[in-house]
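> Okay, handing you the structure first.
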Amino acid sequence: MAKYRIVHTEFWNDAKVMEEMTPEDKYFFLYILTNTQVTQVGIYPITKKLIGFEMGYSTESVNALFERFINFHKLMTYNEKTRELAIKNWGKFNFIRGGKPVMDCVKKELAEVKDQSLIKYVGEQVANDTIRALYESYYVTQDDTSPLRGQKEKEKEKEKEKEKEKQHAAVVDFYQSNIGMLNPYMSESLMQWTNDLNSDLVIEAIKRALKQQKKWNYAEGILRHWANQNISNLEQVFAADTEFQHKREGGPNASNQPSYDGYNFDKEFTPNF
């Protein structure tokens with residue numbers, strides 16, 4: 001599907017937007033409707049850290065906006081574990097046109113949603129009958145509350161938690177072995193990045209910083225870049241490195257571009273995205 005999103009001019013005349021939203025609310029609302037992570041189905045994975053980075057907001061500001069839009073405006077919801085955001089009325093104002101390309105895209109994206117309760121949250125507002133049926137096909141699975149299913153879900157959650165703890169321990173061990181002891185702030189930052197991406201990417205970013213004799217802020221800049229590019233594993237990292245290197249070798253000014261591991265850096269050695 002084409003990577004663009006439609007925002008109708010009536011957005012500015014909507015009573016809720018005009019009377020209840022602050023300028024900051026309007027800016028945030030447009031962001032959640034049109035950022036690069038938005039999918040055709042109105043449910044997409046995104047981290048608060050990335051939102052803050054792209055909008056230029058602090059973590060506190062992002063959390064405050066989430067609180068307003070979830071509990072006051074009631075226009076979205078967010079799963080903190082899967083880091084998926086769902087826009088309640090997405091189906092009211094999208095899916096003006098159907099057809100096979102749209103249907104195929106919706107099927108593919110719905111299958112990728114981790115928290116299926118979000119499908120029901122958005123699907124109940126879908127106006128197009130045919131597309132709403134695709135959403136509804138997931139409701140039965142979500143509403144299955146048998147004891148066996150519940151036990152399996154609990155076991156899966158425990159396994160996920162153990163895996164996260166294992167990943168965080170690996171990152172902490174690598175950091176302390178190569179950079180130094182952790183303070184509480186750094187431990188929290190490492191844990192957040194491990195949760196947002198994974199331990200392999202965090203360790204790889206630290207390795208790249210060490211090769212340049214740099215510290216954590218250099219590695220964190222690389223992680224921000226990867227998150228912004230939707231990179232989620234080492235294979236994608238190496239593929240991006242190769243692609244960048246090919247472009248660099250073929251560019252007319254390639255020899256004058258300071259770079260490291262496929263990314264450009266300025267004089268302060270901060271990733272120049």
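The values are calculated or read from the model by the stated rules, or taken from the named source; none is laboratory data. Since the model is a prediction, treat every value here as computed from it, not as a measurement. Here Cβ is always computed from backbone atoms with ideal geometry, including for glycine, and neighbour counts include all displayed protein chains. The accessibility values were calculated without ligands, DNA or RNA, using every heavy atom of the protein model including side chains. Shrake-Rupley method; radii C 1.70, N 1.55, O 1.52, S 1.80 Å.
> From largest accessible area down, sort Lys100, Lys160; use a 1.4 Å probe on the protein chains. Walk me through the numbers before you get to the answer.
Values: Lys100 140, Lys160 115 Å².
Listed by decreasing accessible area, they come as Lys100, Lys160.
> So, taking all protein chains as they sit and a 1.4 Å probe, how much accessible area belongs to Met186, in Å² rounded to tens?
Per-residue accessible area (Met186): approximately 20 Å².
> Kindly write out, for region 77-93 in residue order, the coupling ³J(HN,Hα) from the Karplus curve 6.51 cos²θ - 1.76 cosθ + 1.60 (θ = phi - 60°), rounded to whole Hz, with x marking Gly and Pro.
Values per residue, Gly and Pro as x: 9, 8, 9, 5, 7, 8, 6, 10, 10, 10, 9, 4, 9, 4, x, 6, 10 Hz.
> Multiplying the sequence separation of Glu19 and Lys120 by 0.36 nm and subtracting their Cα-Cα distance, what value in nm do you get? Intermediate results must be reported in sequence, preceding the final value.
Values: separation 101, 0.36 × 101 = 36.36 nm, distance 2.86 nm.
So the chain would gain 33.5 nm between Glu19 and Lys120.
> What are the semi-axes of the equivalent ellipsoid of region 1-44, taken as the square roots of 5 times the eigenvalues of the Cα gyration tensor, listed largest first and rounded to whole Å? Please list the in-between numbers first.
Details: eigenvalues 94, 27, 13 Å².
Its equivalent ellipsoid spans semi-axes of 22, 12, 8 Å.
> Hey, with R₀ at 25 Å, roughly what FRET efficiency would Asp173 and Gln213 work out to, going by the Cβ-Cβ distance, to 0.05?
Values: r = 21 Å, r/R0 = 0.84.
According to the calculation, E is roughly 0.75.
> Beyond 24 Å, what percent of the Cα pairs of region 1-130 remain? Display every interim value, and only then the final one.
Values: 2238 of 8385 pairs.
Summing the P(r) tail past 24 Å for region 1-130 gives 27 percent.
> Evaluate the distance, in nm, between pseudo-label points positioned 7 Å from the Cα of Lys26 and of Lys107 along their respective Cα→Cβ axes.
Between Lys26 and Lys107, the label points sit 4.1 nm apart.
> Once you place label points 7 Å from the Cα toward the Cβ at Asn35 and Asn183, how far apart are they in nm?
Result for the modelled spin labels: 2.8 nm.
> I've got another one for you. Not counting ligands, DNA or RNA, and with a 1.4 Å probe, what is His225's accessible surface area in Å² rounded to the nearest 10?
Counting only protein heavy atoms, His225 exposes about 30 Å² to solvent.
> Apply the Karplus parameterisation 6.51 cos²θ - 1.76 cosθ + 1.60, with θ equal to phi minus 60°, to every residue of region 59-74 and state each ³J(HN,Hα) to the nearest whole Hz, in sequence, with x for glycine and proline.
Computed from phi, the couplings for region 59-74 are 4, 5, 5, 5, 4, 5, 5, 4, 4, 5, 6, 7, 9, 9, 6, 6 Hz.
> Now a separate question. Spelling out what I want: for every residue of region 209-222, take phi, set θ = phi - 60°, compute 6.51 cos²θ - 1.76 cosθ + 1.60 (Karplus), and round to whole Hz; glycine and proline get x.
My calculation for region 209-222 gives 5, 4, 4, 9, 6, 10, 9, 4, 4, 5, 5, 5, x, 5 Hz in order.
> Choose one of Phe95, Tyr78, Ala111: the residue whose Cα lies farthest towards the positive end of the charge dipole of region 75-116 (beta-carbon charges +1 Lys, Arg; -1 Asp, Glu; about the Cα centre).
So the residue we want is Phe95.
> Treating only the Cβ atoms of Lys and Arg (+1) and Asp and Glu (-1) as charged, compute the dipole magnitude of region 1-144 about its Cα centre; round to the nearest 20 debye. The partial results should precede the final answer.
Values: 19 positive and 20 negative charges, 82 e Å.
Result for region 1-144 is approximately 400 debye, rounded to the nearest 20.
> Sticking with this one: Name the shape class, rounded, prolate or oblate, that the alpha-carbon gyration tensor gives for region 190-244, where a ≥ b ≥ c are the square roots of its eigenvalues, rounded holds for a/c under 1.5, and otherwise prolate holds if a/b is larger than b/c and oblate otherwise.
Details: a/c = 1.75, a/b = 1.11, b/c = 1.57.
Note, shape of region 190-244 comes out oblate.
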